[in-house]
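**Student:** The structure follows.
The values are calculated or read from the model by the stated rules, or taken from the named source; none is laboratory data. Here the structure is a predicted model, which is why all the values come from computation and not from measurement. Neighbour counts are summed over all protein chains in view; Cβ atoms, including those assigned to glycine, are modelled from backbone coordinates with ideal geometry.
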Ligand SMILES: Cc1ncc(COP(=O)(O)O)c(C=O)c1O
């Protein structure tokens, strides 16, 4: 959320009404305001119709969180992605429950976690790949990914060469993961 620019209660972010509370928590932690949006009963994913009417009613929306539940991508994932592009909104995909799944987009199999401005996965023990605690941010916009990494590493000032790790540009957090032990 921080990397996507959420920092103020005037930043409204649509979030599925049916998902883990972590989706709304992340928005609140960043300083924004979560706007719960209805889900479809067939996929339990964000409803395109509800997103459209929500956007009509709320002009403060800066982005949308989509969270495929139980490995099932939202029925209208591609249409919601297209709508975000059309309206200049970012799309953040919470793929914590669904990495490994894919959906059909205009005849192509597209993996969950690859279609949003930024996506997140969890590797907590109960997830598909469980290594204890933690997760990862996925994206193909190098600037956004670098901003997320910077903030997760205590937001150090950038110096020449190495980062000046004891001086800080912003109030960051330590969300780095330890190295994985190598199998013997
Ligand atoms: C959709 C979704 N998002 C986020 C989380 C939170 O992940 P973590 O437990 O790694 O904080 C979960 C965990 O159950 C989840 O199912």
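**Student:** Checking residue 103 against (1) touching a helix residue (DSSP H, G or I) at 6+ places or on another chain (Cβ under 9 Å); (2) closer than 28 Å to residue 183 by Cβ; (3) outside any loop (DSSP other than H, G, I, E, B), only one condition comes out false. Which one?
**Tutor:** Only one criterion in (1) touching a helix residue (DSSP H, G or I) at 6+ places or on another chain (Cβ under 9 Å); (2) closer than 28 Å to residue 183 by Cβ; (3) outside any loop (DSSP other than H, G, I, E, B) is unmet by residue 103, namely (2).
**Student:** Enumerate the strands (runs of 3 or more DSSP E) found wholly within segment 1-72, keeping only those where 3 or more residues are out of contact with any helix residue (DSSP H, G or I) (no Cβ under 8 Å at 6 or more places or on another chain), free of Cβ contacts under 8 Å to residues at least 24 places away in the same chain and within 16 Å of the ligand (Cβ to nearest atom).
**Tutor:** none
**Student:** Count, please, the residues in segment 78-100 that happen to be within 16 Å of the ligand (Cβ to nearest atom), more than 20 Å from residue 12 (Cβ to Cβ) and either touching a helix residue (DSSP H, G or I) at 6+ places or on another chain (Cβ under 9 Å) or modelled with pLDDT under 90 (or both).
**Tutor:** Matching residues across segment 78-100 total 1.
**Student:** A further question on this structure: Looking at residue 97 and the list (1) in contact with a strand residue (DSSP E or B) (Cβ under 7 Å, 6 or more places away or on another chain); (2) in a strand (DSSP E or B), which single condition is not satisfied?
**Tutor:** (2)
**Student:** What about residue 109, is it more than 21 Å from residue 6 (Cα to Cα), assigned to a loop (DSSP other than H, G, I, E, B) and more than 16 Å from the ligand (Cβ to nearest atom)?
**Tutor:** When the stated conditions are applied, residue 109 does not pass them.
**Student:** Run residue 140 past the list (1) outside any strand (DSSP E or B); (2) within 12 Å of the ligand (Cβ to nearest atom) and report the number of the one that doesn't hold.
**Tutor:** Condition (2) is where residue 140 drops out.
**Student:** Looking only at segment 113-127, which residues are part of a loop (DSSP other than H, G, I, E, B), surrounded by 12 or more Cβ atoms within 10 Å (Cβ to Cβ) and within 11 Å of the ligand (Cβ to nearest atom)?
**Tutor:** 123, 127 - these are the residues of segment 113-127 that are part of a loop (DSSP other than H, G, I, E, B), surrounded by 12 or more Cβ atoms within 10 Å (Cβ to Cβ) and within 11 Å of the ligand (Cβ to nearest atom).
**Student:** It is to be established whether one or more residues within segment 147-167 are within 16 Å of the ligand (Cβ to nearest atom) and over 22 Å from residue 95 (Cβ atoms).
**Tutor:** no
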